[in-house]
1. Considering (1) buried (at least 18 other Cβ atoms within 10 Å of the Cβ); (2) out of contact with any Cys (no Cβ under 7 Å at 6 or more places or on another chain), say which one Thr208 fails and leave the rest.
2. Do we find a residue being open to solvent by less than 10 Å² (accessible area, probe 1.4 Å) and at pLDDT below 95 anywhere in segment 166-186?
3. Consider Ile254 against the criteria (1) closer than 28 Å to Val86 by Cα; (2) modelled with pLDDT under 95; (3) outside any helix (DSSP H, G or I); (4) of a type in the set (A, V, I, L, M, F, W, C): it satisfies all of them except one. Which criterion is unmet?
4. Restricting attention to segment 148-157, does a residue exist that is open to solvent by less than 30 Å² (accessible area, probe 1.4 Å) and under 21 Å from Gly408 (Cβ atoms)?
5. Of all residues in segment 11-43, which are under 30 Å from Arg288 (Cα atoms) and not charged (D, E, K, R)?
6. Check every one of the strands (runs of 3 or more DSSP E) wholly within segment 32-146 and list those with 3 or more residues that are of a type outside the set (A, V, I, L, M, F, W, C).
7. Sort out which residues of segment 373-397 are surrounded by 19 or more Cβ atoms within 10 Å (Cβ to Cβ) and part of a helix (DSSP H, G or I), and write them in order of number.
8. Evaluate segment 47-55: report whether one residue or more is touching a residue at least 40 places away in the same chain (Cβ under 8 Å), touching a strand residue (DSSP E or B) at 6+ places or on another chain (Cβ under 9 Å) and open to solvent by 10 Å² or more (accessible area, probe 1.4 Å).
Amino acid sequence: MSGADPLGLFQGFGIEIEYMIVDRKGLAVLPVADKLLAAEAGGPASDVERGPLCWSNELALHVIELKTNGPVADLHGVHEAFQADVRRINQHLEPLGGRLLPGGMHPLMDPAAETRLWPHEAGEIYAAFDRVFGCQGHGWSNLQSVHLNLPFAGDEEFGRLHAAVRVLLPILPALAAASPLMDGRLTGLMDTRLEVYRGNCRRIPQATGQVIPEPAFTRAAYQEAILAPLYQAMAPHDPEGILQHEWLNARGAIARFDRDAIEIRVLDTQEAPVADLAICTALVAVLRALVDERVALLVEQKEWPVESLARIFLDTVRRGDHAVIDDEAYLELLGVPEVKISAGELWLDLLERFPPAPVPGAEITGALRHLLEQGPLARRMSRFLGKEPGRDRIEALCRELAACLEEGRLLDAPA
């Protein structure tokens, strides 16, 4: 998403989905991403291009990332490419005794004992992260997410897009929360991944901030408010400058001026690509309405401070679709006349007023309806488990999620 003629607003989309590799029988994480990539490439590789998609390594050896091979013009049918490659990866993993597992976190992983970092190409970057932050933890080696990259052309478009993204970030966990478990137990949170993620850079708090990015609407303002303080704080810990790049910024949405895009990072990985793309489609539909000022004026969107948005965000991290939005000014901004509404009801209202256009296809529409009716994946996982699940029940859930991923279907757990 860079070059002499950058894409403008909503003229391209980049999707990245992370999956964990687990032992087919025991379900423990299986650190064989390098063997998987080598099997597809025919030799050692850190990434493999496969037509519309690319596979690549991540921080931990048990994680593989699938991503669009550059921006796509629209999201129609993208889930089918991801689904096909999920099945091909599982074919490669079968003789290694592995399979892919979706979700925002591994429910049973002990990262202190089981983490193995990627040791090959670009391994010095991961080693530097480990030296500064200590990556043997849930917020580092036990998390899987979806990144949505949206392009912009110039400062004016960046400002409009960043303002809209900041407004919508707080309620995204109500759609995408998929991590109610950690260390073999229900945590009481819908999005445990984001809860641990927001504290994983506590040694350098400028890296994550409050997850909601600061109100900066030009490249110069962003550099001054976010990147310069971060690089300055990191410098004593990274004298070689290995980590002095835009991707060091760990907020829930980050500006990638190197490719003229904003990368949204608060979406947990779902049980099947069709669900991931349904959420991205819904997000894009409402972002378009915000950017076009059909919801609120740009000046009104820009006024929102981090603290007010962060309060709403933390509630949806904890309660997902059941979070109560009672900030009247926020509801007014989104065109909601009520003084109090659940986050799930808010999404129903927004998507009724601003449905995806063009119609994204029956599978995506059905997936979106499913999660709006039954709740985010975390809600359905919790219903599947019951109140005090033992290890056997959690393992049964993992096997069901792995089957959902392989078959391209959604977890069904109605209230």
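The values are calculated or read from the model by the stated rules, or taken from the named source; none is laboratory data. Given the structure is predicted, the values throughout are model-derived calculations rather than measurements. Note that each Cβ is placed from the backbone with ideal geometry, even for glycine, and that neighbours are counted across all protein chains shown. In case anyone asks, the SASA skips ligands and DNA or RNA and just uses the protein heavy atoms, side chains included. Shrake-Rupley method; radii C 1.70, N 1.55, O 1.52, S 1.80 Å.
1. Evaluating Thr208 over (1) buried (at least 18 other Cβ atoms within 10 Å of the Cβ); (2) out of contact with any Cys (no Cβ under 7 Å at 6 or more places or on another chain) leaves (2) as the failure.
2. Checked segment 166-186: no residue is open to solvent by less than 10 Å² (accessible area, probe 1.4 Å) and at pLDDT below 95.
3. All conditions are met except number (2).
4. yes
5. Residues satisfying the conditions are Gln11, Gly12, Phe13, Gly14, Ile15, Ile17, Tyr19.
6. Qualifying strands (runs of 3 or more DSSP E): 47-50, 63-68.
7. Applying the first criterion (surrounded by 19 or more Cβ atoms within 10 Å (Cβ to Cβ)) to segment 373-397 yields 375-382, 385, 389, 394, 397.
Selection gives Leu377, Ala378, Arg379, Arg380, Met381, Ser382, Leu385, Ile394, Leu397.
8. Among the residues of segment 47-55, not one is touching a residue at least 40 places away in the same chain (Cβ under 8 Å), touching a strand residue (DSSP E or B) at 6+ places or on another chain (Cβ under 9 Å) and open to solvent by 10 Å² or more (accessible area, probe 1.4 Å), which makes the answer no.
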